[in-house]
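Please read the structure below before turning to the comments.
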Amino acid sequence: FEEGMKAAYKKNVKKINMPGFRRGKAPRMLIEKTYGPDIFYEDAINEVLPDSYEAAIDETKIEPVSRPEIDVDQVEKGKPFIYTATVIVKPEVEIDGYKGISVNKVEYTVSDKDVDAKMKEMQDQNSRLVSVEDKPVKNGDTAIIDFEGFSDGEAFEGGKGENFNLVIGSGQFIPGFEDQLIGKKAGEETEVNVTFPEEYHAKDLAGKPAVFKVKINEVKEKVLPELDDEFAKVSEFDTLDELKADTKKKLEEEAEQKTKAEKENNVLEAVSGLLKAEIPDVMYENQIDSMIKDFSMRIQAQGLDLKTYLSYIGMDEETMRKSFREDAEKRVKTNLAVEKIMKLEKIEATDEDVEKEIEKMAENYKMEADKIKGMLNMDDLKEDLAMRKTI
């Protein structure tokens, strides 16, 4: 604790004014005499606690799944710092009968219809939006609108927008909103009557009727390119047949991966059903945290933050957490089951497994293998690889 006090003094001395001393030069003894030694206790604790906590975890060989609750038993200058850390630990797990389980076989294949559907998708991705003046709005068109929403005759917060690009049939807006724009033309003004969903995130609007005053500024329809050799050249092929052949090959690779993934999922579901364990709720909550973090990062890559996304779909974070709960429980149970089997079967990742994985990552990220090694926790990588081998 004395080492922690020294570090806390060095951290804080420049912030403390003492008469007769330049800032940062006041002796520790004088500061402690003036303000009391407890002026440094909090920072001293923060300095020494993490390492001692990690050492205690290593010594006791427990696996915490929660943050520690810290109770200070003794904190005083010149004496040892004593505290109690209370944690929830990973549960004891039993699993029997995992050898010889059977699951339904799955196999995905690729037909000419699948190739045609993919070609239509590529055609759609290369479409253009063309402004139309005299044609009425139809499904699939983009209507550029101004709108303002009213409930009980009063405008409500977040219910107004200008020059909003709304794809009709996309389900971006409240159910029933988009359908009522079909048949309208650019320049028209209309009223749209809807009812907010019962589970709408804004509680004051949930389940209530609303009227939106809407002006259609512009209507754009989708124009698709011809599926011919010229279209193939955009994808660096000379003919449409070559593009179709390449598309089929890629779809077959995807089908193979999908078959493998579904077989694994079926096996894991059967195995996790054999698990016997009292799983603490915090493990599920931690898994939900991780899932929300991953989801948030994915939508950030599309230029959206989580709060904005949730407002668009009319959901709050608590409802989102509930929607993730079932999947989170499955993942936690599956991981515990696989981990237990891994230990029972003494499955480990070899040095060769690790080197192969690092080489693959270096190739994928176009980086040197040594740099990849420097970025990774090798123990975590080994455990991840051992889990994959077990599956």
(request) Considering only the stretch 275-286, state which residues are in a loop (DSSP other than H, G, I, E, B) and surrounded by fewer than 16 Cβ atoms within 10 Å (Cβ to Cβ). (result) GLU278
(message) If the requirement is being surrounded by fewer than 12 Cβ atoms within 10 Å (Cβ to Cβ), among the charged types (D, E, K, R) and within 30 Å of ALA261 (Cβ to Cβ), which of these qualifies: LYS99, LYS15, LYS79?
(response) LYS99
(request) Considering every residue within the stretch 256-272, establish whether at least one is open to solvent by less than 90 Å² (accessible area, probe 1.4 Å), hydrophobic (A, V, I, L, M, F, W, C), over 19 Å from VAL338 (Cβ atoms) and in a helix (DSSP H, G or I). (result) no
(message) So, in the stretch 46-78, how many residues would count as being assigned to a helix (DSSP H, G or I), within 16 Å of LYS6 (Cα to Cα) and β-branched (Val, Ile, Thr)?
(response) 1
(request) Quickly run through the stretch 154-167 and pick out the residues that are free of Cβ contacts under 8 Å to residues at least 60 places away in the same chain and under 30 Å from the mean Cα position of the chain (by Cα). (result) GLU157, GLY159, LYS160, GLY161, PHE164, ASN165, LEU166, VAL167
(request) Could you list all residues from the stretch 58-88 that are touching an Asp or Glu at 6+ places or on another chain (Cβ under 9 Å), hydrophobic (A, V, I, L, M, F, W, C) and free of Cβ contacts under 8 Å to residues at least 60 places away in the same chain? (result) ILE82, ALA85, VAL87
(request) Give just the number: which of (1) part of a strand (DSSP E or B); (2) under 26 Å from GLU329 (Cβ atoms) does VAL211 not satisfy? (result) (2)
(request) Return a yes/no flag: does the stretch 168-185 have any residue that is touching a residue at least 24 places away in the same chain (Cβ under 8 Å), exposed (fewer than 11 other Cβ atoms within 10 Å of the Cβ) and under 30 Å from SER235 (Cβ atoms). (result) no
(request) For residues that are in contact (Cβ under 8 Å) with a residue 12 or more places away in the chain and either under 22 Å from LEU310 (Cβ atoms) or of a type in the set (A, V, I, L, M) (or both), tally how many sit in the stretch 186-201. (result) 9
(message) Every residue in the stretch 44-69 that is touching a helix residue (DSSP H, G or I) at 6+ places or on another chain (Cβ under 7 Å) and open to solvent by 40 Å² or more (accessible area, probe 1.4 Å), please.
(response) GLU47, PRO64, PRO68
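One line per residue, one yes/no per condition, for (1) without any contact (Cβ under 8 Å) to a residue 60 or more places away in the chain; (2) farther than 30 Å from LYS90 by Cα; (3) in contact with a helix residue (DSSP H, G or I) (Cβ under 7 Å, 6 or more places away or on another chain):
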residue: PRO225; (1), (2), (3): no, yes, yes
residue: GLU230; (1), (2), (3): yes, yes, no
residue: LYS249; (1), (2), (3): yes, yes, no
residue: ALA261; (1), (2), (3): yes, no, no
residue: ASN265; (1), (2), (3): yes, no, no
residue: GLU278; (1), (2), (3): no, no, no
residue: VAL282; (1), (2), (3): no, no, no
residue: ASN286; (1), (2), (3): no, no, no
residue: GLY303; (1), (2), (3): yes, yes, no
(message) For a quick check of your reading of the model, give me the residue pairs whose first member lies in the stretch 1-27 and is farther than 15 Å from TYR41 by Cα and of a type in the set (Phe, Trp, Tyr), whose second is open to solvent by 20 Å² or more (accessible area, probe 1.4 Å) and part of a helix (DSSP H, G or I), with beta-carbon atoms closer than 7 Å and at least 6 apart or on different chains.
(response) none
(message) Given the condition farther than 30 Å from ASP246 by Cα and in contact with a helix residue (DSSP H, G or I) (Cβ under 9 Å, 6 or more places away or on another chain), answer yes or no: does some residue in the stretch 109-120 qualify?
(response) no
(request) Starting from residues that are in a helix (DSSP H, G or I) and touching a residue at least 12 places away in the same chain (Cβ under 8 Å), keep the ones in the stretch 232-242 and report whichever is farthest from ASP114 (Cα to Cα). (result) VAL234
(message) Looking only at the stretch 328-352, how many residues end up being more than 17 Å from VAL271 (Cβ to Cβ) and more than 13 Å from the chain's Cα centre (by Cα)?
(response) 6
(request) Look through SER131, SER151 and report the one residue that is polar (S, T, N, Q), out of contact with any His (no Cβ under 8 Å at 6 or more places or on another chain), touching a residue at least 40 places away in the same chain (Cβ under 8 Å) and crowded, with 16+ Cβ neighbours inside 10 Å. (result) SER151
(request) Test LYS14 against the criterion of being over 30 Å from PRO68 (Cα atoms), in a helix (DSSP H, G or I) and modelled with pLDDT under 95, and give yes or no. (result) yes
(request) Report whether or not ALA245 is of a type outside the set (D, E, K, R) and free of Cβ contacts under 8 Å to residues at least 60 places away in the same chain. (result) yes
(request) Spot the failing condition for VAL219; the list is (1) open to solvent by less than 50 Å² (accessible area, probe 1.4 Å); (2) of a type outside the set (Ser, Thr, Tyr); (3) part of a strand (DSSP E or B); (4) at pLDDT below 95, and only one is missed. (result) (4)
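The values are calculated or read from the model by the stated rules, or taken from the named source; none is laboratory data. The structure displayed is predicted, hence computed values, not measured ones. FYI the Cβ positions are ideal-geometry reconstructions off the backbone, even for glycines, and counts take in every protein chain you see. Quick note on the areas: whole protein, heavy atoms, side chains included, nothing else; ligands and nucleic acids left out. Shrake-Rupley method; radii C 1.70, N 1.55, O 1.52, S 1.80 Å.
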